[in-house]
Structures are given as C-alpha cells and as structure tokens.
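The values are calculated or read from the model by the stated rules, or taken from the named source; none is laboratory data. Values in this document were obtained by computation on a predicted structure and should not be read as measured data. As a convention, Cβ positions derive from the backbone with ideal geometry for all residues, glycine included, and neighbour counts pool all protein chains shown. Quick note on the areas: whole protein, heavy atoms, side chains included, nothing else; ligands and nucleic acids left out. Shrake-Rupley method; radii C 1.70, N 1.55, O 1.52, S 1.80 Å.
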Amino acid sequence: MIKLYDYWRSSAAYRVRMALNLLNLRYESNPVDLVKGEQRGADNVARNPQGLVPTLDIDGLRLTQSLAIIEYLDETRGGLLPKDPAARAHVRALSYAIAMEIAPVCNLTVRDHVGSMGVMTSEAWTRHYITKGLTAFEAMLTTAGRYCHGDSVTMADLCLVPQIYNAERVGIDVTSFPQTAKIVANLREIPAIAAAHPDRVKP
C-alpha cells in the first residue's frame with residue numbers, strides 16, 4: 001500500500017494528493033498535524049529530515065518534497081508533465097513560480113514569525129506575496145489552454161490549485177487574474193482534483 005504522510009491544509013501535500021488521484025493510485029493517508037507541531041516530532045523527522053510534509057512511501061522508496069514526488073510519479077507512471085523538453089521546461093517554470101517563490105514565504109512557520117514581530121499581520125504579509133506572485137504567474141501563462149499548459153493537466157496545475165485555495169482564504173479576489181481564475185474553475189470540475197480538496201480530507 002502506498003502511504004502518504006500529509007496535513008490536510010498543506011499546499012505541498014495537496015499537490016501530491018491530486019497527483020495520486022489523477023493517476024488512480026490508491027493510498028493510505030497518515031495525518032501529521034502541523035498546528036500541533038507533529039512535523040517536528042521524532043517519528044516525522046525520521047521519515048522527513050526537514051521536519052515537513054509530505055512524505056510518500058511508494059515502490060520501496062521514501063520520497064519527500066512535493067515536486068520531486070510528482071516528477072517521480074510522472075517518470076514512473078506518466079501523464080503529469082509534457083514529453084517535449086521545451087514544454088516541460090515551461091511547465092516547470094510555472095510550477096516553480098508558485099512552489100519556490102510564493103509558497104515558501106507564505107507557509108505556516110513564516111507567517112507565525114511575521115505575526116510575532118508585529119510589523120504587519122500574517123494575513124497582510126500573505127496577501128502581499130500571493131498577489132505579487134500571481135500577477136507574475138498570470139503573465140507567464142503563454143501556452144495556456146483549458147489548463148496552465150494546453151488542455152492536459154500538468155504539474156503546474158497541481159501547484160496552482162492549492163495556491164488559489166490559500167489566496168481565497170486570505171480574501172484575495174482571484175477574478176483579478178482572469179486567465180488564472182478560468183483555469184482553476186476548469187480544474188475544480190475534475191473529480192480527482194475535487195477529491196483532494198482540504199475540506200474533503202480534513203480529519
């Protein structure tokens with residue numbers, strides 16, 4: 001049995017849940033409560049030395065880092081990145097724009113630290129960086145069709161969906177990014193995507 005160690009509201013875990021669902025891979029979910037600090041516990045650190053989620057046990061391997069996991073799933077099962085090298089590079093760029101630029105500065109640890117400093121609220125911080133990042137992302141959608149790259153779901157879409165979920169949670173009007181909003185609306189119609197939504201998997 002494939003085992004996923006995740007947290008229901010983790011953007012990174014959300015990405016992997018969608019990938020597994022799209023590939024019709026059944027898995028056992030093992031929650032790691034980030035709010036309670038379980039990610040820093042000995043059991044989770046033994047699985048994931050960074051003290052993060054997700055961790056995926058599959059094929060006799062233990063994998064960490066959501067994009068590395070998604071690329072492994074693509075390389076072993078297919079279907080999550082285009083075959084053409086130029087297209088793959090563009091999908092990676094879109095993915096990294098979210099997973100490496102927006103998400104890290106808006107994660108729970110950073111938000112809590114910013115809030116404790118009293119310079120601005122964690123919500124204001126998050127709104128600033130998500131808005132800045134999505135503005136750039138909208139301009140990068142040069143090969144979009146129904147989804148971020150053409151008419152097939154790719155890793156870029158798996159990064160976008162959780163980011164929009166987070167944007168809406170802090171009150172950002174996603175319709176100000178019209179192409180992005182249209183893509184997300186299309187993605188939310190896919191049963192495998194909808195089934196991975198935090199509200200569907202929360203404890």
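Among the residues in the range 26-38, are any within 19 Å of the chain's Cα centre (by Cα), small (Gly, Ala, Ser), over 16 Å from SER95 (Cα atoms) and open to solvent by 50 Å² or more (accessible area, probe 1.4 Å)? Looking through the range 26-38, at least one residue is within 19 Å of the chain's Cα centre (by Cα), small (Gly, Ala, Ser), over 16 Å from SER95 (Cα atoms) and open to solvent by 50 Å² or more (accessible area, probe 1.4 Å). Residues of the range 102-110 include none that is touching a Leu at 6+ places or on another chain (Cβ under 9 Å), closer than 20 Å to ALA195 by Cβ and β-branched (Val, Ile, Thr).
Only one of LEU81, LEU67 is part of a loop (DSSP other than H, G, I, E, B), closer than 30 Å to THR126 by Cβ and modelled with pLDDT of 95 or more. Can you tell me which? Let's see the steps before the verdict.
Details: LEU67 fails: part of a loop (DSSP other than H, G, I, E, B).
Testing whether each residue is part of a loop (DSSP other than H, G, I, E, B), closer than 30 Å to THR126 by Cβ and modelled with pLDDT of 95 or more leaves just LEU81.
All of (1) buried (at least 17 other Cβ atoms within 10 Å of the Cβ); (2) assigned to a helix (DSSP H, G or I); (3) touching a strand residue (DSSP E or B) at 6+ places or on another chain (Cβ under 9 Å) hold for ALA87 with one exception: (1).
Could you tell me which residue of the range 191-203 is nearest to ASN24 (Cα to Cα), considering only residues that are without any contact (Cβ under 8 Å) to a residue 12 or more places away in the chain and among the charged types (D, E, K, R)? Only one residue fits best here, namely ARG200. Take the residues in the range 41-80 that are buried (at least 17 other Cβ atoms within 10 Å of the Cβ) and of a type in the set (S, T, N, Q), then tell me which one is farthest from LEU187 (Cα to Cα). Looking at the filtered set, the residue picked out is ASN44.
Those helices (runs of 4 or more DSSP H) of the range 110-203 in which 1 or more residues are within 28 Å of LEU81 (Cβ to Cβ) and modelled with pLDDT under 95 occupy 122-140, 155-169.
Summed over the range 108-134, residues that are within 18 Å of the chain's Cα centre (by Cα) and without any contact (Cβ under 8 Å) to a residue 60 or more places away in the chain total 11.
Within the range 26-57, the set of residues being in contact (Cβ under 8 Å) with a residue 12 or more places away in the chain and either small (Gly, Ala, Ser) or not in a loop (DSSP other than H, G, I, E, B) (or both) comprises TYR27, GLU28, SER29, ASN30, PRO31, GLN39, ASN44, ARG47, GLY51, THR55, LEU56, ASP57. Restricting attention to the range 1-25 and to residues that are of a type in the set (Ser, Thr, Tyr) and in a helix (DSSP H, G or I), the residue that is least open to solvent (accessible area, probe 1.4 Å) turns out to be TYR14. Exactly one residue out of ARG47, ARG62, ARG40, ARG17 is charged (D, E, K, R) and closer than 14 Å to ALA195 by Cβ: that is ARG17.
Residue-wise test of (1) open to solvent by 20 Å² or more (accessible area, probe 1.4 Å); (2) under 30 Å from PRO31 (Cβ atoms); (3) of a type outside the set (Phe, Trp, Tyr).
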{"residue": "PRO82", "(1), (2), (3)": "yes, no, yes"}
{"residue": "ALA93", "(1), (2), (3)": "yes, no, yes"}
{"residue": "GLU101", "(1), (2), (3)": "yes, yes, yes"}
{"residue": "GLY115", "(1), (2), (3)": "yes, yes, yes"}
{"residue": "ARG146", "(1), (2), (3)": "yes, no, yes"}
{"residue": "LEU160", "(1), (2), (3)": "no, yes, yes"}
{"residue": "GLU168", "(1), (2), (3)": "yes, yes, yes"}
{"residue": "PRO178", "(1), (2), (3)": "yes, no, yes"}
{"residue": "GLU189", "(1), (2), (3)": "yes, yes, yes"}
